[in-house]
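Engineer: If you scroll down you'll find the structure; I have some questions about it.
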Amino acid sequence: MRLDGKIALVTGASRGIGKAIAAAIIEAGGTVIVTYKKNKDLAREVAERDKKGKSIAVQMDVSDRLSVKKAKDIVINKFGHLDIFVNNAGINKPNDFEKITDNDWENVLDVNLKGPFIVTQEFLSMMKEKGSIINISSVSGQYGGPRTTHYAVSKAGLIAFTQNLAIFCARKKIRVNAVSPGLIESEMAKAAKGLSIEEKILLGRLGTPEEVAKAVLFLASDDASYITGHTLNVNGGIYF
């Protein structure tokens, strides 16, 4: 799958799944706007994988509209349009339900659900016809993650957001899909250790960020030209 000449925005792309997605798009010939909140140096390292020298790192707090607008100005001035964007930025604050604070609830939903809403609303006008939007959800949003009620709610909401946006964007010839990773080797996955989740995975192992990135690459490519409103599970068989 090639993305030569395509311009992509990936939020939260300085590490983890976002980093793998950005790297895969660059490897496939695309140019990536690697957004980060705090990890400037790490984001630059990802952008520097682009041997063409076109990819850039841009600071953006997805939950802050002013920050998103500033990033949008940079992208407009540098590129003028987008072909792909991936709402990947997300946080988790695992805790027992009765111990989740109002602040934690608001913080998780602000980044994981309000963030994609703000970013999509601001950048949608830059999307070219036949563009592709991909939202990174989670299996937690499909079966209710243990000790992560706020995270599960935010990711379930992102699936509904994907479906609604697919309807809205169809007239613009823009496809909108979600990728729902299962337990992936990452800092977030450490929160699930000891919860007997791994033994439920049919393939018997955790997934890798690169395996999630390949699913995103497919949905971003012309190979998925007749797919929209879909949630693609990348979970090793932990949930059907």
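What follows draws every value from the coordinates through simple rules; no lab data is involved. Because the structure is a prediction, the values reported are computed rather than measured. Using ideal geometry, Cβ is built from the backbone for each residue, glycine included, and neighbour counts are taken over all protein chains shown.
Engineer: Phe240 to Glu210: extension gain in nm, 0.36 nm per residue of separation minus the Cα-Cα distance?
Structural biologist: Length difference between fully extended and current span is 8.7 nm.
Engineer: Compute the Kirkwood hydrodynamic radius of region 7-233, taking the inverse of the mean of 1/r over all pairs of distinct Cα atoms, and give it in Å to one decimal.
Structural biologist: Here the Kirkwood hydrodynamic radius works out to 17.5 Å.
Engineer: Next up: Cross-link list Lys6/Lys40; Lys69/Lys172; Lys172/Lys200; Lys38/Lys155; Lys6/Lys93; Lys38/Lys173: which exceed 30 angstrom alpha carbon to alpha carbon?
Structural biologist: Lys172/Lys200; Lys6/Lys93; Lys38/Lys173
Engineer: Could you list Met60, Met127 in order of exposure, starting from the residue whose Cβ has the fewest other Cβ atoms within 10 Å?
Structural biologist: With the sparsest Cβ surroundings first, the list reads Met127, Met60.
Engineer: Another question, then. Pick from Gln163, Gln59, Gln121 the residue whose mean-square fluctuation is largest in a GNM of the chain, springs joining Cα atoms under 10 Å.
Structural biologist: Looking only at Gln163, Gln59, Gln121, the largest GNM fluctuation is found for Gln121.
Engineer: Divide by every residue of the chain the summed helix terms, -39500 (n - 2.57) for each DSSP H run of at least 4, and state the resulting mean residue ellipticity at 222 nm, rounded to the nearest 500 deg cm²/dmol.
Structural biologist: -11000 deg cm²/dmol
Engineer: If each residue's Cβ is checked for other Cβ atoms within 10 Å, how do Ser138, Ser125 rank with the fewest at the top?
Structural biologist: Ser125, Ser138
Engineer: Among all the aspartates and glutamates, which ones have a C-alpha under 13 Å from Lys72's C-alpha, if same-chain residues fewer than 8 places away are not counted?
Structural biologist: Cα-Cα hits under 13 Å: Asp61, Asp64, Glu122.
Engineer: I've got another one for you. Which residue, Ile227, Ile134, Ile118, tops the fluctuation ranking in a GNM of the chain built on C-alpha contacts under 10 Å?
Structural biologist: Fluctuation is largest for Ile227.
Engineer: Could I ask something else about it? For the chain, with a Gaussian network of springs between Cα atoms less than 10 Å apart, report the residue from Thr31, Thr120, Thr101 with the top mean-square fluctuation.
Structural biologist: Answer for the Gaussian network model of the chain: Thr101.
Engineer: So how much slack lies between Arg65 and Asn164, counting 0.36 nm per residue of separation and subtracting their Cα-Cα distance, in nm?
Structural biologist: Stretched fully, the Arg65-Asn164 segment lengthens by 33.5 nm.
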